[in-house]
Amino acid sequence: MATYGKIGEFKESEESWTHYIERLEQYFLANEVDEVGKKRAILLSVCGSKTYALARDLLQPVRPAEATFKKIVDTLDKHFSPRPSETVERFKFHSRNRKDGEGVGTYVAALRKLSEHCNYGEMLRDRLVCGINNDKMQ
């Protein structure tokens, strides 16, 4: 069976841990990797020596090969992507208005990114209308 795609090692300076795991999950889908033991083995094989060593340290006294795929991912997720304060993130979200000359699409993309940790549903639409700073566009 042909292998689709390639997953390199995780480099924190180039990519977020969340994006890396999302790409890895897509790799698993494309290559029909369903078994969790195989997922763990692939992750530990491709993540790179620095990430492997970090996982080993964070999982102590359990060795990475003995931990579940989910446990490894969750442990590294807590390290690389600590959850930001919802209150602070909401402040940033509500403080963001459309800048002069900024396209609506760019403004919407910025709001979507800012809303990621806010637990908002329809609030994104409401903020878009309130922050557009152009009466005709509102």
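Do we find a residue being of a type in the set (Asp, Glu) and surrounded by 12 or more Cβ atoms within 10 Å (Cβ to Cβ) anywhere in the stretch 32-46?
No - not one qualifying residue is present in the stretch 32-46.
Could you please find all residues in the stretch 1-27 being touching a residue at least 60 places away in the same chain (Cβ under 8 Å) and part of a loop (DSSP other than H, G, I, E, B)?
12, 16
Please find, within the stretch 58-90, the residue that is nearest to residue 131 (Cα to Cα) out of those that are assigned to a helix (DSSP H, G or I) and modelled with pLDDT under 90.
It comes out as 90.
Mind counting the residues in the stretch 28-51 that are more than 13 Å from residue 6 (Cα to Cα), not in a loop (DSSP other than H, G, I, E, B) and not aliphatic (A, V, I, L, M)?
The total comes to 7.
Please tell me if residue 105 is part of a helix (DSSP H, G or I), free of Cβ contacts under 8 Å to residues at least 24 places away in the same chain and either under 26 Å from residue 20 (Cα atoms) or out of contact with any helix residue (DSSP H, G or I) (no Cβ under 8 Å at 6 or more places or on another chain) (or both).
yes
Considering only the stretch 54-73, I want to know if a residue exists there that is surrounded by 15 or more Cβ atoms within 10 Å (Cβ to Cβ), under 20 Å from residue 25 (Cβ atoms) and hydroxyl-bearing (Ser, Thr, Tyr).
no
Do we find that residue 127 is at pLDDT below 80, of a type in the set (Lys, Arg) and assigned to a loop (DSSP other than H, G, I, E, B) in this structure?
Values: at pLDDT below 80: yes; of a type in the set (Lys, Arg): yes; assigned to a loop (DSSP other than H, G, I, E, B): no.
No.
The values are calculated or read from the model by the stated rules, or taken from the named source; none is laboratory data. Model, not experiment: these values are computed from the prediction. All Cβ positions, even for glycine, are placed from backbone atoms using ideal geometry, and neighbour counts span all protein chains on display.
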